[in-house]
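S.K.: One structure follows; several queries about it will come next.
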Number of protein chains: 2
Amino acid sequence: MTQSNSRDRELRERAAAVIPGGMYGHQSVGLLPDDYPQFFERGEGAHIWDADGNRYLDFMCAYGPNLFGYAHPEIDAAFVRQLGQGDTLTGPTGLMVELAETLVRMVSHADWAIFCKNGTDATTMALTTARAHTKRRIVVRAKGAYHGALPWCTPRPAGVIDSDRAHQIFCDYNDVASLEAAVAEAGDDLAAIFAAPFRHDAFIDQAEPDAAYARKARELCDRTGALLVVDEVRAGFRLSRDCSWSRLGVSPDLSTWGKCLANGHPLSVMLGNEKARRAAASVYVTGSFWFQAATMAAALETLRLVRETDYLERITALGDRLRAGLDARARAAGFGFRQTGPATMPLFLFDDDPDLRKGFCFSSEMLSRGVYVHPWHNMFLCAAMTEADIDQTLDAAEAAFAVLKRQAPALGPVEKLAFLSGAH
Amino acid sequence: MTQSNSRDRELRERAAAVIPGGMYGHQSVGLLPDDYPQFFERGEGAHIWDADGNRYLDFMCAYGPNLFGYAHPEIDAAFVRQLGQGDTLTGPTGLMVELAETLVRMVSHADWAIFCKNGTDATTMALTTARAHTKRRIVVRAKGAYHGALPWCTPRPAGVIDSDRAHQIFCDYNDVASLEAAVAEAGDDLAAIFAAPFRHDAFIDQAEPDAAYARKARELCDRTGALLVVDEVRAGFRLSRDCSWSRLGVSPDLSTWGKCLANGHPLSVMLGNEKARRAAASVYVTGSFWFQAATMAAALETLRLVRETDYLERITALGDRLRAGLDARARAAGFGFRQTGPATMPLFLFDDDPDLRKGFCFSSEMLSRGVYVHPWHNMFLCAAMTEADIDQTLDAAEAAFAVLKRQAPALGPVEKLAFLSGAH
């Protein structure tokens with residue numbers, strides 16, 4: 001399959017002149033195989049088209065925001081209708097109240113909502129709310145867990161100074177003893193325990209949350225008066241229609257949501273319980289566009305689909321079908337191929353592949369067959385995917401495994417990922 | 001004039017249950033006169049309608065984002081067109097490159113752009129970029145200047161801890177000696193000087209920037225190697241089609257923009273010069289919705305209007321007409337009425353009015369006559385306003401001054417602003 005990339009190359013050259021590094025953030029392809037396109041031009045349903053018009057079944061879903069399909073007719077119609085009425089105004093509209101009421105009804109631990117734009121706005125607000133509530137400073141969180149890209153949490157420390165990271169203690173996810181030790185170290189200064197719904201760090205196998213770990217986090221917060229924060233920004237509504245730890249019988253005090261909340265329209269939210277209400281009201285947080293009405297209309301429509309359709313059962317079944325099919329094909333080809341995390345948010349890693357050379361080769365072969373997968377970040381399923389899409393993916397994978405089998409012995413190191421194996 | 005507020009009251013009651021404090025952030029009416037509506041339902045051109053259908057000529061312009069009129073036909077059409085093609089995707093579109101090129105052409109000090117969502121994203125990125133560039137920590141900024149609502153800069157400190165504010169030194173805006181003293185105190189640890197385009201702090205008279213102050217800031221940065229940051233988030237494109245300090249002959253290294261950049265669609269940006277490029281590329285910043293294509297299409301259309309129309313000359317002339325007309329009417333009524341700041345971003349304060357009881361009475365009288373003014377925050381003019389709108393405002397003001405004259409002797413203290421006069 002020949003693919004053109006001349007327009008992408010031209011855009012990269014122009015970008016290199018006017019954007020530092022040519023591109024920044026989680027959508028930079030700097031750490032992806034060289035043939036991955038940097039620029040796109042279209043999205044519809046489960047598919048994206050790159051700047052050269054190549055079409056892909058998209059397992060990244062915009063890194064999460066696309067839950068019901070790109071350019072979703074009903075969600076975008078709700079947005080556009082409200083845009084004509086009023087969007088960013090001198091105050092909020094009644095839609096903000098309706099949306100808060102809707103979330104409070106849907107998410108069992110939540111008694112109130114504060115809306116914002118970035119996922120990091122919500123996690124930072126949770127940190128500040130916990131500190132205001134407890135009048136203490138320390139947050140305990142898991143090593144390697146992503147909670148956003150502000151100085152207190154960004155995974156790459158350039159420009160960050162020590163004081164930005166003060167009063168944080170790290171534990172190992174799912175390790176009760178490590179969590180207890182971190183809380184003990186915090187002493188009487190513990191403000192919050194942050195937790196991801198499951199371990200979805202980049203570059204390593206994902207892990208379901210251990211119920212004992214979740215219960216211990218709750219117990220330690222109850223004992224110390226600290227607040228328990230579950231960060232659902234990435235995983236929200238792909239594991240449950242409620243906070244995902246409700247499946248473990250654990251209620252957080254605060255939860256943070258974003259990404260797919262309005263199916264790609266910019267919105268995030270911190271939800272909280274009665275205990276944390278007064279502290280949340282005391283914290284001054286705001287943003288120029290936080291009260292956009294059109295985005296809230298889109299969120300109301302997205303949440304209606306969450307409640308009224310079987311999207312979750314469907315994407316779970318599609319994820320199971322994908323996992324079983326890939327597993328069979330990888331085994332037939334003789335590869336140790338680990339698929340981890342929930343079926344709706346899979347991550348693929350090959351055994352004996354420290355610098356991901358196999359993963360890069362496999363991903364490139366998938367891409368060239370019209371399937372956009374990621375070699376080291378969890379992926380996302382969306383409700384616009386069909387069984388036929390999954391079967392196309394499995395066909396592509398069978399061919400990709402075959403190519404990989406031929407090429408594996410001769411694959412060179414992936415220079416751009418040399419840091420993974422400590423080889424640079 | 002009787003106005004209904006029953007729907008607003010109902011929404012406030014519902015909001016009190018599901019939003020901490022009932023409303024948060026800069027659009028909370030908690031510190032406005034009691035008759036100010038909290039909820040709106042519509043915006044068109046220069047007008048907003050509150051939740052009860054009352055219509056106002058809006059001098060807040062959504063606190064800045066509305067530059068060309070609410071629900072602007074061409075800007076929103078560009079947005080909607082791109083929304084149907086692709087908005088939040090798995091990568092950016094070519095529009096991002098085009099938008100960066102456009103800003104680099106328009107803003108004289110800029111060689112590159114990094115887009116984000118909140119104004120605070122841009123100011124925080126500037127802080128981090130300056131620290132990465134200099135490998136130093138301290139930022140000098142003016143007392144009372146607003147640069148956003150994250151822990152390092154939020155004006156209300158609940159939930160903020162000392163380390164969040166470490167390594168900041170404050171000076172007095174427009175005071176060269178104070179600026180020099182702050183820089184001297186920073187010693188060899190100065191990373192950046194932040195500056196507002198003019199003094200636009202709440203509750204006090206605005207002040208144009210002193211050219212000597214601006215030049216001194218530039219000189220101190222040149223001497224120490226620190227970066228000069230001009231924060232145009234609030235004032236951008238209402239003073240100049242370039243960075244506003246270009247009018248003083250001063251080029252910053254970094255500037256931050258937001259609010260009206262896409263006429264209300266959520267977008268902000270940090271612009272920078274060649275010197276700061278490498279540091280900007282080293283900082284890890286990102287957000288789920290930062291690469292939204294529809295918003296960038298709206299920004300391109302907004303910037304086309306900035307370049308190709310006489311909007312700036314028109315809003316300046318309207319602002320001058322407003323100022324002269326209000327001045328005459330205030331004098332005729334015997335009030336010391338201070339109008340400060342640029343004509344396009346006025347602030348009104350009465351003499352001898354420490355707790356703003358006169359300002360509150362005047363503003364309420366304007367509101368009841370269909371003109372939404374703010375008693376203590378700078379306002380904004382937009383290009384959808386007409387001379388007839390200004391004349392309606394002047395008629396309303398004449399009546400409002402007359403009412404104020406009758407009522408002034410009997411006005412009671414404004415309890416909610418008692419903190420201003422230190423009376424609580």
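S.K.: Using only the alpha-carbon atoms, how far is helix B:176-186 inclined from the longest principal axis of chain B? Give it as 0 to 90 degrees, nearest 10.
M.R.: Orientation of helix B:176-186: about 50 degrees from the principal axis.
S.K.: With charges only on Cβ, +1 for K and R and -1 for D and E, what is the dipole size of the range A:88-291 about its Cα centre, in debye, rounded to 20?
M.R.: That gives a dipole near 300 debye.
S.K.: If you don't mind, another one. At 0.36 nm per residue, and after removing the present C-alpha to C-alpha distance, how many nm does the segment from A:THR386 to A:ASP175 gain when stretched out fully?
M.R.: Here the segment from A:THR386 to A:ASP175 would lengthen by 72.2 nm.
S.K.: Given a Förster radius of 22 Å and the C-beta distance between A:ARG406 and A:ALA207 as r, what FRET efficiency does 1/(1 + (r/R0)^6) yield to the nearest 0.05?
M.R.: So, using R0 = 22 Å, E works out to roughly 0.10.
S.K.: Can you pull out the GluC sites (Glu not before Pro) in the range A:1-64 whose DSSP state is coil and whose Cβ has at most 14 other Cβ atoms within 10 Å?
M.R.: Details: sites: A:GLU10, A:GLU13, A:GLU41, A:GLU44; in loops: none.
Hits after loop and neighbour filter: nothing returned.
S.K.: Further, regarding this structure: 7 Å along Cα→Cβ for the label point: how many nanometres lie between A:ASP205 and each equivalent label in the other copies, listed shortest first?
M.R.: With the label placed 7 Å along Cα→Cβ, A:ASP205 yields 7.0 nm.
S.K.: Something else about it: Magnitude of the Cβ-charge dipole of the protein assembly as shown, K/R +1 and D/E -1, about the Cα centre, nearest 20 debye?
M.R.: In debye, rounded to 20, the protein assembly as shown gives about 840.
S.K.: Taking every DSSP beta bridge that has both residues in the protein assembly as shown, what percent is antiparallel when rounded to the nearest 5?
M.R.: Numbers: 44 of 80 bridges.
Rounded to the nearest five, the antiparallel share is 55 percent.
S.K.: In degrees from 0 to 90, rounded to the nearest 10, what is the angle of the helix B:73-85 Cα long axis to the longest principal axis of chain B?
M.R.: Rounded to the nearest ten degrees, it is 50.
S.K.: Under a point spin-label approximation (7 Å from Cα along Cα-to-Cβ), what is the B:ASP222-B:ALA166 distance to one decimal in nm?
M.R.: 3.4
S.K.: Subtracting the Cα-Cα distance from 0.36 nm times the residue separation, let me have the gained length for A:GLU74 to A:ASP35 in nm, one decimal.
M.R.: Full-extension gain reported as 10.6 nm.
S.K.: Further question on the same structure: For the pair A:ASP310 and B:ARG304, what calculated FRET efficiency results from E = 1/(1 + (r/R0)^6), where r is the Cβ-Cβ distance and R0 = 41 Å, to the nearest 0.05?
M.R.: 0.35
S.K.: With n ≥ 4 as the cut-off for DSSP H runs, can you work out [θ] at 222 nm for chain B, using -39500 (n - 2.57) per run divided by the number of residues, rounded to the nearest 500?
M.R.: -12000 deg cm²/dmol
S.K.: Averaged over B:111-122, how many beta carbons belonging to a partner chain fall within 10 Å of each residue's beta carbon? Working shown, then result.
M.R.: Numbers: counts 3, 7, 3, 6, 3, 5, 11, 10, 4, 9, 7, 0.
Per residue, the average neighbour count from other chains is 6.
S.K.: For A:ARG278 and A:ALA17, calculate 0.36 nm times their separation in residues minus their Cα-Cα distance, and state this gained length in nm to one decimal.
M.R.: The A:ARG278-A:ALA17 span can extend by a further 89.1 nm.
S.K.: Right, another one. Report relative contact order for the range B:88-291 in percent, whole number only (criteria: Cα-Cα under 8 Å, sequence separation at least 6).
M.R.: Working: 380 pairs, mean separation 64.1, N = 204.
Once divided by the residue count of the range B:88-291, the mean separation gives 31 percent.
S.K.: Between A:ARG241 and A:ARG321, what is the label-point separation in nm under the 7 Å Cα-to-beta-carbon projection?
M.R.: The answer from the label model is 2.2 nm.
S.K.: Mind listing the label-point distances from A:ASP162 to the same position on all other copies, shortest first, one decimal in nm, points 7 Å along Cα→Cβ?
M.R.: Here A:ASP162 shows inter-copy label distances of 1.4 nm.
S.K.: Using a cut-off of 10 Å between beta-carbons, work out the net charge of the residues near A:PRO20 (Lys and Arg +1, Asp and Glu -1, A:PRO20 not included). Please list the in-between numbers first.
M.R.: Numbers: positive: B:ARG277, B:ARG278; negative: B:ASP111.
Once all neighbours under 10 Å are counted, the net charge is +1.
S.K.: While we're here: Relative contact order (percent) for chain A, with alpha-carbon contacts under 8 angstrom and 6 or more residues of separation?
M.R.: Value for chain A: 22 percent.
S.K.: Sticking with this structure for a sec: Angle, helix A:94-106 long axis vs. longest principal axis of chain A, Cα atoms, 0 to 90°, nearest 10?
M.R.: Rounded to the nearest ten degrees, it is 80.
S.K.: Towards the positive end of the charge dipole of the range B:88-291, with charges on Cβ (+1 Lys, Arg; -1 Asp, Glu), say which of B:ALA212, B:HIS200, B:TYR284 has the farthest Cα.
M.R.: With unit charges placed on the Cβ atoms, the residue in question is B:TYR284.
S.K.: Please list, in order, the residues from the range B:317-352 whose amide nitrogen is less than 18 Å from a point placed 7 Å along the Cα→Cβ vector of B:ALA399.
M.R.: B:326, B:329-330, B:333
S.K.: Something else: Within a Cβ distance under 11 Å of B:VAL373, other residues only, what is the Lys/Arg minus Asp/Glu net charge? Mind dumping the intermediate values first?
M.R.: Details: positive: B:ARG369; negative: B:ASP58, B:GLU365.
So the surrounding residues net to -1.
S.K.: With charges only on Cβ, +1 for K and R and -1 for D and E, what is the dipole size of chain A about its Cα centre, in debye, rounded to 20?
M.R.: For chain A, the charge dipole is close to 580 debye.
S.K.: Quick one: with label points 7 Å out along Cα→Cβ, list the inter-copy distances for B:ARG241 in nm, shortest first?
M.R.: Sorted ascending, the copy-to-copy spacings read 5.4 nm.
S.K.: Would you mind pulling out the separation of the Cα centroids of the range B:284-323 and the range A:37-103, in Å?
M.R.: 22
S.K.: Peptide A:249-260: average number of partner chain Cβ atoms within 10 Å per residue?
M.R.: Counting Cβ atoms of other protein chains within 10 Å of each residue's Cβ and averaging gives 1.
S.K.: Would you tally the net charge around A:LYS358, using a Cβ to Cβ cut-off of less than 12 Å, leaving A:LYS358 out, and scoring K and R as +1, D and E as -1?
M.R.: -2
S.K.: Further question: For the range B:319-381, compute Rh as the Kirkwood radius over C-alpha pairs and then the Stokes-Einstein diffusion coefficient at 20 °C and 1.002 mPa s; write the answer in µm²/s, rounded to an integer.
M.R.: In µm²/s, the coefficient rounds to 180.
Every number in this text was worked out from the coordinates using simple rules, so none of it is lab data. Bear in mind that the values here come from a model prediction, so they are computed numbers and not experimental data. Please note: Cβ atoms are built from the backbone with ideal geometry, for glycine as well, and neighbour counts cover all protein chains shown.
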